[in-house]
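Quick notes on the structure that follows.
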Amino acid sequence: MGSPGQCTSILEFLHQHEGEQIASEVYFKWKDMLPDTGFDEQFRTSYDRWFQFCYRNDLNKFSNGMVAQEKTRMFDELKKMLNHEQKLYLQYIENKFGGGEGVVDAAFRCLWREEQMLIPYIQSVLDDASSINRQEHVEKKVRDSYETCLANYEKLKTVLAATLAWTEEETQNSITAAGYKNKIEGLSQRLPHIENKGLAEQLVKRLQEKCNELESANQKLRDQISLKQQESLQLFDVLLQSLIDNNGQILDAVTGWRNQFKMFYAEVGSKPDIEKIAKCCAETAKLLYDIKQDGLAELTHPLSEENCQIKTKLDDLLLELFGGTFIVVEQDNYVIKKESQNLKIIVRVLAADQVEHMLDGHIQAFLFHEESLNQCCEKINDTKWLLNVDRVEHKSLKLVTKKKGNAKGAESRFIRNKKTKYLEGEFSGLQVEKFDRAGLQRQVHEERYKIVFMTNVGQVKLWTLSLPLVMITGSNQQCHSLASVMWACYSTNVYTLPSVVPTEMTLRDIVDCMLDAKIRKLCPSRGLSDDSKEHLKRRLIGSGNFTDESQVSLQQFCFDKMFNTSDSQPLTFSFWEWFVACYNLIEKYLLPYWERGWIFGFISKTTAAERLQAEERCRDGLFILRFSDSIIVPSQGVKSMFGHLTVCFTYEKVTPGGETKRGIFPDGNVADYKELDRNCLANILSETLRKQEQGSTHCYRYVYPSLERREDTFDKFLESKPVVANYQGVQQMWLIDIEQMLSCKKDRQLPYQVC
């Protein structure tokens, strides 16, 4: 622990969403989780400021010997804040965690768990109104910050204008006074030879009086100018601080956008909009440039001694803005193929849109394996690394654009987009000219790559990174590649160097956070239920012995084959392939039903049967729709693999003695993607009948757990079928024969007969 937190406080999140359903859901989960952290709710809430202070204090900047000392200082800060009653509680938890350092570590763990818990909820509202409000809040903060800078600059210019006017008046007075003095000197020299000496003396006296008046006026002007110079210095300090703050606001907003963009790229989030932030970036850069070029000339007189220092500060702010807004704004694929031109990337320097002339205009792209790129980094201190540009240019793989390139890499230029008018550099059809996988011992999906983009601002070289890529040779590697990219984007800051992606994550991180975010991208209003999370964890870990902290490797997550839950035999697909197949089935065929909670989805047939068995309101035709754990339709393409929809339902049977008995069939077939292509789910459920001795009756009648009638739920989505002229046959129906299904031990995949 000890890395600075990047997530909003959970209390701030609850405050932002006060009155919303999502706040209630987060609160109760947090309340249930809190006892595990060792803190009670009152203590955690009362001292949130201290918790956040701890979490945002980057312990990585301290040497190993200093970390313990820093934790002691944190604990001392906490003790200063406590009243008598809370000090008694603190003594209790201090004993519990083994001292003050243990309490600080516990605070880190508590906030880390809160952060992980919040991630899916933050992601879930990216598409709803509250997300729009938050985005508008960020944009407003950036806009207000820029307006503050502009207002401060206008104040400074007003004072400088007055100072300049007074300076010019003083100069003119001095020139006039000098003229008078010259006349006085001339008259004084000629005075002995002038006949009317009295008149000449009077003239000298009047001229001397005017000189004195001008000198007195100039003294007042100098006093005023001195005051204005001091005011100018103060106003410039205010302006400079507002410019620094504005840069911080902009770069924070850009960082927030990039974090959302990487989630969109990894297909676990929605695409964010950057244009309003980009406009403020460009306007701020233009303001900095104008101050440096025009305002600085006005500052020269009153601030001449500090002129060089001011220029340096403005140059630093401009360079910071250029470097922080040099970003990838479009990357249309997470794979790059060896021999096909399938990749397009667009980069922008947001700050350059109104000061285009400051850019070199030329951009180079270099492809690296992540480990090779790490070797191009140099450690400056415990927390800071720099990219060695010379190593980049000599150690990269050869990347070309539409088979045009040179030994230094693919090239492009910043140009104005004719439609958007933005300054951007486009790389289309990127491909690797030479690549040999021999010598790489790991699976394809474990080898990630990044592209380094470089451009110049004056003599300074700027660089930025693409999002991670996987190099493939066939479309059958795409599914595992997506898992690898999603894993990297979700678990790390992929924009920093060196790149260190964990080989393992906890079940909680994978299921509660990452997969829940994936589902919420599909349907923001419905994430994974606790039952679904439990089932996914059990399927992923492969046994009943696990905790939320159990570690799962990327290999196990996306590549290793799962086992059948019924007979422990290996299946032909991995956990990730199964999850993607179910996801695709929802996205293409089941979304209207899924978002309304009518499809339970991720639940085992055993658990589904137990739920129906325990249902006190159990009725004939009560059903749970779920995804098969053992059947998917495999495919080489990510989007063309599909899961299989099955059902667990109750049925009633009249015995020969006239007694009515209720049974549960745990594993009935409903539809695969081909059947859903031909007929919507609502129609299939409506047309499915159960064979009885007295005839037939509808099989699916009540939806679990709400017990709503099928007619009031699914039937709202019934689709009319085309009428064939002169056709007088019987309408096709699905007919389920329970007796046949129960006797079919080997092949339950064909339980239906069509009549």
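The values are calculated or read from the model by the stated rules, or taken from the named source; none is laboratory data. In this text the structure is predicted, and so the values were computed from the model without any measurement. Every residue, glycine among them, receives a Cβ derived from its backbone with ideal geometry; neighbour counts consider all protein chains shown. All accessible areas refer to the heavy atoms of the entire protein, side chains included, with ligands and DNA or RNA removed. Shrake-Rupley method; radii C 1.70, N 1.55, O 1.52, S 1.80 Å.
Here are some notes:
- Qualifying residue in the stretch 588-598 (condition: closer than 19 Å to residue 536 by Cα and in contact with a helix residue (DSSP H, G or I) (Cβ under 6 Å, 6 or more places away or on another chain)): yes
- So residue 554, is it of a type outside the set (Phe, Trp, Tyr), out of contact with any strand residue (DSSP E or B) (no Cβ under 7 Å at 6 or more places or on another chain) and modelled with pLDDT of 90 or more: yes
- Considered as a group, the residues in the stretch 360-386 that are in contact with a Cys (Cβ under 8 Å, 6 or more places away or on another chain) and either open to solvent by 20 Å² or more (accessible area, probe 1.4 Å) or part of a loop (DSSP other than H, G, I, E, B) (or both) include one that is modelled with the highest pLDDT, and that residue is 386.
- Every condition in (1) outside any loop (DSSP other than H, G, I, E, B); (2) out of contact with any strand residue (DSSP E or B) (no Cβ under 8 Å at 6 or more places or on another chain); (3) in contact (Cβ under 8 Å) with a residue 60 or more places away in the chain; (4) open to solvent by 20 Å² or more (accessible area, probe 1.4 Å) holds for residue 277 except the one numbered (4).
- Listed by first and then second residue, the pairs with beta-carbon distance under 7 Å, at least 6 apart or on different chains, first residue in the stretch 450-477 and at pLDDT 90 or above and open to solvent by less than 10 Å² (accessible area, probe 1.4 Å), second in a strand (DSSP E or B) and among the basic types (Lys, Arg), are 454/461; 465/450; 466/450; 468/448; 468/450; 469/448; 469/450; 470/448.
One line per residue, one yes/no per condition, for (1) exposed (fewer than 14 other Cβ atoms within 10 Å of the Cβ); (2) modelled with pLDDT of 85 or more; (3) of a type in the set (A, V, I, L, M):
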{"site": "320", "(1), (2), (3)": "no, yes, no"}
{"site": "334", "(1), (2), (3)": "no, yes, no"}
{"site": "416", "(1), (2), (3)": "yes, yes, no"}
{"site": "419", "(1), (2), (3)": "yes, yes, no"}
{"site": "424", "(1), (2), (3)": "no, yes, no"}
{"site": "431", "(1), (2), (3)": "no, no, no"}
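To keep it simple, each residue is scored yes or no on (1) at pLDDT 85 or above; (2) open to solvent by 70 Å² or more (accessible area, probe 1.4 Å).
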position: 674; (1), (2): yes, yes
position: 678; (1), (2): yes, yes
position: 684; (1), (2): yes, no
position: 706; (1), (2): no, no
position: 719; (1), (2): yes, yes
position: 736; (1), (2): no, no
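- Selected residue (only one of 588, 561 is basic (Lys, Arg), more than 26 Å from the chain's Cα centre (by Cα), surrounded by fewer than 16 Cβ atoms within 10 Å (Cβ to Cβ) and under 26 Å from residue 637 (Cα atoms)): 561
- Lone unmet requirement of (1) farther than 26 Å from residue 448 by Cβ; (2) open to solvent by less than 10 Å² (accessible area, probe 1.4 Å); (3) assigned to a helix (DSSP H, G or I) for residue 538: (2)
- Pairs, first closer than 17 Å to residue 232 by Cα in the stretch 157-179, second open to solvent by less than 30 Å² (accessible area, probe 1.4 Å) and outside any helix (DSSP H, G or I), C-beta under 6 Å, six or more apart: 163/302
The rows are residues; the columns are (1) modelled with pLDDT under 80; (2) aliphatic (A, V, I, L, M); (3) farther than 28 Å from residue 493 by Cα.
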position	(1), (2), (3)
4	yes, no, no
17	yes, no, no
27	no, no, no
59	yes, yes, no
74	no, yes, no
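- For the stretch 518-535, the count of residues that are farther than 30 Å from residue 600 by Cβ, modelled with pLDDT of 90 or more and not hydroxyl-bearing (Ser, Thr, Tyr) is zero.
- Per this entry, residue 229 is not counted among residues that are without any contact (Cβ under 8 Å) to a residue 24 or more places away in the chain and either under 30 Å from residue 166 (Cα atoms) or not in a helix (DSSP H, G or I) (or both).
- Of the candidates 663, 643, 657, 668, the single residue that is in contact with a Phe, Trp or Tyr (Cβ under 9 Å, 6 or more places away or on another chain), loosely packed, with under 14 Cβ neighbours inside 10 Å and at negative phi is 663.
- The lone exception for residue 267 - which of (1) farther than 22 Å from residue 153 by Cβ; (2) open to solvent by less than 70 Å² (accessible area, probe 1.4 Å); (3) modelled with pLDDT under 85; (4) not polar (S, T, N, Q) it fails: (3)
- Annotation: of all residues in the stretch 501-528 being more than 25 Å from residue 639 (Cβ to Cβ) and polar (S, T, N, Q), the one that is least open to solvent (accessible area, probe 1.4 Å) is 506.
- Residue 393 vs. criteria surrounded by fewer than 18 Cβ atoms within 10 Å (Cβ to Cβ), of a type in the set (D, E, K, R), touching a strand residue (DSSP E or B) at 6+ places or on another chain (Cβ under 9 Å) and without any contact (Cβ under 8 Å) to a residue 24 or more places away in the chain: no
- Residue selected from the stretch 147-168 under the condition at pLDDT 85 or above, touching a helix residue (DSSP H, G or I) at 6+ places or on another chain (Cβ under 8 Å) and open to solvent by 60 Å² or more (accessible area, probe 1.4 Å), by the criterion farthest from residue 211 (Cα to Cα): 148
- Among the residues of the stretch 564-582, those identified as in a helix (DSSP H, G or I) and either β-branched (Val, Ile, Thr) or open to solvent by 10 Å² or more (accessible area, probe 1.4 Å) (or both) are 577, 580.
- Condition broken by residue 310, with the remaining ones in (1) modelled with pLDDT of 90 or more; (2) open to solvent by less than 40 Å² (accessible area, probe 1.4 Å); (3) out of contact with any strand residue (DSSP E or B) (no Cβ under 8 Å at 6 or more places or on another chain) satisfied: (1)
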